[in-house]
Amino acid sequence: MSAPPVDYYSSLEVDSKATQQQIRDAYKKAALRHHPDRVPADSPERASRTKKFQQINDAYYTLSDPTRRREYDLTRSSFYGFGGGRQQQDHTTADDPAEEVPRPEAGGSAGGFASNFPWGAFGFGGTAKSEGDANKFSNEQFGSVFEEMMADQGMAEGADHQPTNRFWSLVGGASGGAMGFIVANLPGAIAGAVAGNRLGAVRDKRGKSVYSVYQELEAPDRMRLLSELASKVFAHAIS
């Protein structure tokens, strides 16, 4: 007998009748809370955070699409005896459209790598052929929502979500004197902040998105940026 599916609603800490927007908002908070980059690369928490992050992304991939969500609800009901079954309501409305998220390429199967994950019957788990694939799918999905959150906070702009001066002032301050030495050959935190803005201007002209730049940052800068973003998102949620 197949293993029961993970309760994706519990993974995102939402009710099974949550709207698509509530699912999306819950994903933002959960992804930021458990993102592996919130801890150092050599932290003993890294492996467990990575697995939790993959599960959260699997949950969002499944629940953000009405068709996948209905199929999941039926399976969840048959295993756990939750109400709904084939009478499961349509969770979308005209003002609450389905959210398109990055799709992994077809060709995987429920066996192989997927069997290593308890949520392998749905989402990325059913198509990822390796842990690298699972990480890739999770990062692609998170990147899209990350750029939206950065835009909401005034740190990204335009259709390509390019970094703003606000983004670079934060990164430049974090980089401090080290970036000053690298870019301008000048010591000190002030020089580092200025250099961060100059480097940002160069990268902006190259047309990189804010998530592409984020992935190029040093680990401490990524940790600070995610923590800063999380504090704003969580504060907005309770305000």
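Would segment 33-54 turn up any residue that is within 18 Å of residue 144 (Cβ to Cβ), in contact with a strand residue (DSSP E or B) (Cβ under 8 Å, 6 or more places away or on another chain) and of a type outside the set (A, V, I, L, M, F, W, C)? Within segment 33-54, not a single residue is within 18 Å of residue 144 (Cβ to Cβ), in contact with a strand residue (DSSP E or B) (Cβ under 8 Å, 6 or more places away or on another chain) and of a type outside the set (A, V, I, L, M, F, W, C).
Do the conditions hold for residue 79, that is, is it modelled with pLDDT under 85, in a helix (DSSP H, G or I) and open to solvent by 60 Å² or more (accessible area, probe 1.4 Å)?
Values: modelled with pLDDT under 85: yes; in a helix (DSSP H, G or I): yes; open to solvent by 60 Å² or more (accessible area, probe 1.4 Å): yes.
So residue 79 fits the description; yes.
Let's see how each residue does on (1) touching a Gly at 6+ places or on another chain (Cβ under 6 Å); (2) basic (Lys, Arg):
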residue	(1), (2)
44	no, no
58	yes, no
61	yes, no
67	no, no
70	no, yes
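Pairs linking a residue in segment 210-239 that is at pLDDT below 90 to a residue that is among the β-branched types (Val, Ile, Thr) and open to solvent by 50 Å² or more (accessible area, probe 1.4 Å), with Cβ atoms under 6 Å and 6 or more positions apart or on different chains, do not occur. The single condition from (1) touching a residue at least 60 places away in the same chain (Cβ under 8 Å); (2) closer than 18 Å to residue 131 by Cβ; (3) of a type in the set (A, V, I, L, M) that residue 18 fails is (2).
Let's see how each residue does on (1) surrounded by fewer than 17 Cβ atoms within 10 Å (Cβ to Cβ); (2) modelled with pLDDT of 70 or more; (3) not in a helix (DSSP H, G or I):
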{"site": "120", "(1), (2), (3)": "no, no, yes"}
{"site": "138", "(1), (2), (3)": "no, yes, no"}
{"site": "151", "(1), (2), (3)": "yes, yes, no"}
{"site": "154", "(1), (2), (3)": "yes, yes, yes"}
{"site": "160", "(1), (2), (3)": "yes, yes, yes"}
{"site": "196", "(1), (2), (3)": "no, no, no"}
{"site": "201", "(1), (2), (3)": "yes, no, no"}
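The values are calculated or read from the model by the stated rules, or taken from the named source; none is laboratory data. Computed from a predicted structure; not experimentally measured. Cβ atoms come from the backbone with ideal geometry, glycine included; neighbour counts cover every protein chain shown. Keep in mind that these areas ignore ligands, DNA and RNA; they rest on the heavy atoms of the full protein, side chains included. Shrake-Rupley method; radii C 1.70, N 1.55, O 1.52, S 1.80 Å.
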